[in-house]
Amino acid sequence: DQLPTAWENALHADRPTLLDIRTDPDIPPIPPHATLEQALNSAKAMLKGDDSVWGVLREGIKTKAQEFLPHEGNDR
(Lines give C-alpha, C1' and ligand atoms only; values in the text may rest on other atoms or scores of the structure.)
Protein backbone atom coordinates (compact mmCIF):
# COMPACT_ATOMS: atom_id res chain seq x y z
CA ASP A 1 0.00 0.00 0.00
CA GLN A 2 2.88 2.36 0.73
CA LEU A 3 4.91 1.69 -2.41
CA PRO A 4 3.43 4.34 -4.74
CA THR A 5 3.99 7.09 -2.17
CA ALA A 6 7.48 5.80 -1.37
CA TRP A 7 8.39 5.88 -5.09
CA GLU A 8 7.07 9.42 -5.46
CA ASN A 9 8.99 10.59 -2.41
CA ALA A 10 12.20 8.94 -3.64
CA LEU A 11 11.90 10.34 -7.15
CA HIS A 12 11.31 13.85 -5.85
CA ALA A 13 13.96 13.76 -3.12
CA ASP A 14 16.83 16.22 -3.27
CA ARG A 15 19.33 13.48 -2.32
CA PRO A 16 19.88 9.78 -3.02
CA THR A 17 17.17 7.64 -1.49
CA LEU A 18 17.06 3.96 -0.63
CA LEU A 19 13.81 2.01 -0.79
CA ASP A 20 13.81 -1.20 1.27
CA ILE A 21 11.26 -3.33 -0.58
CA ARG A 22 10.37 -6.89 0.42
CA THR A 23 9.53 -9.13 -2.51
CA ASP A 24 8.49 -12.73 -3.00
CA PRO A 25 11.55 -14.76 -4.07
CA ASP A 26 9.28 -17.10 -6.04
CA ILE A 27 8.00 -14.40 -8.41
CA PRO A 28 10.02 -14.69 -11.61
CA PRO A 29 12.16 -11.66 -12.50
CA ILE A 30 10.76 -11.65 -16.03
CA PRO A 31 8.64 -8.82 -17.42
CA PRO A 32 5.20 -9.77 -18.76
CA HIS A 33 6.22 -8.89 -22.33
CA ALA A 34 9.24 -11.24 -22.31
CA THR A 35 9.66 -13.59 -25.24
CA LEU A 36 9.61 -17.35 -24.79
CA GLU A 37 13.35 -17.39 -25.52
CA GLN A 38 14.01 -14.88 -22.72
CA ALA A 39 11.92 -16.88 -20.26
CA LEU A 40 13.67 -20.13 -21.20
CA ASN A 41 17.09 -18.51 -20.85
CA SER A 42 16.16 -17.23 -17.40
CA ALA A 43 14.96 -20.71 -16.39
CA LYS A 44 18.18 -22.31 -17.68
CA ALA A 45 20.27 -19.83 -15.73
CA MET A 46 18.28 -20.46 -12.55
CA LEU A 47 18.65 -24.23 -12.91
CA LYS A 48 22.39 -23.73 -12.55
CA GLY A 49 22.16 -22.80 -8.89
CA ASP A 50 19.24 -20.72 -7.68
CA ASP A 51 17.72 -22.21 -4.52
CA SER A 52 14.28 -20.83 -5.41
CA VAL A 53 14.19 -22.27 -8.92
CA TRP A 54 11.21 -24.62 -8.45
CA GLY A 55 9.07 -22.00 -6.74
CA VAL A 56 9.96 -19.46 -9.42
CA LEU A 57 9.13 -21.89 -12.23
CA ARG A 58 5.82 -22.80 -10.55
CA GLU A 59 4.81 -19.15 -10.11
CA GLY A 60 6.00 -18.23 -13.60
CA ILE A 61 3.98 -20.97 -15.27
CA LYS A 62 0.93 -20.09 -13.17
CA THR A 63 1.23 -16.39 -14.04
CA LYS A 64 1.71 -17.07 -17.76
CA ALA A 65 -1.23 -19.51 -17.85
CA GLN A 66 -3.51 -16.87 -16.34
CA GLU A 67 -2.96 -14.73 -19.45
CA PHE A 68 -4.68 -17.38 -21.54
CA LEU A 69 -7.46 -18.43 -19.18
CA PRO A 70 -10.86 -16.76 -19.49
CA HIS A 71 -11.58 -14.17 -16.81
CA GLU A 72 -14.88 -12.69 -15.74
CA GLY A 73 -15.58 -9.65 -17.91
CA ASN A 74 -13.00 -10.75 -20.49
CA ASP A 75 -14.57 -11.01 -23.96
CA ARG A 76 -11.75 -13.01 -25.55
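The values are calculated or read from the model by the stated rules, or taken from the named source; none is laboratory data. On a predicted model such as this, the values are computed, not experimentally measured, just so you know. All Cβ positions, glycine included, derive from the backbone under ideal geometry; neighbour counts span all protein chains shown. SASA here: full protein model, heavy atoms, side chains in, ligands and nucleic acids out. Shrake-Rupley method; radii C 1.70, N 1.55, O 1.52, S 1.80 Å.
At-a-glance table
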read-out	value
Separation of the residue 58 and residue 12 label points, Cα + 7 Å toward Cβ, nm	4.2
Of all accessible heavy-atom area on the chain, the percent that carbon and sulfur account for (1.4 Å)	57
The chain - accessible surface per residue (Å², probe 1.4 Å)	91
Helix-only CD estimate at 222 nm, as mean residue ellipticity for the chain, using -39500 (n - 2.57) per DSSP H run (n ≥ 4)	-15000 deg cm²/dmol
Square roots of 5 times each gyration tensor eigenvalue, C-alpha, region 4-47, largest first, Å	31, 12, 9
Overall dimensions of the chain by Cα: Rg and Dmax, Å	16.7, 47
Packing rank of 41-51, 17-27, where each peptide gets the mean count of other beta carbons within 10 Å, highest leading	41-51, 17-27
GluC sites (Glu not before Pro) within the chain, DSSP loop, no more than 11 other Cβ atoms inside 10 Å	72
Relative contact order of the chain, defined on C-alpha pairs under 8 angstrom at six or more residues apart (%)	27
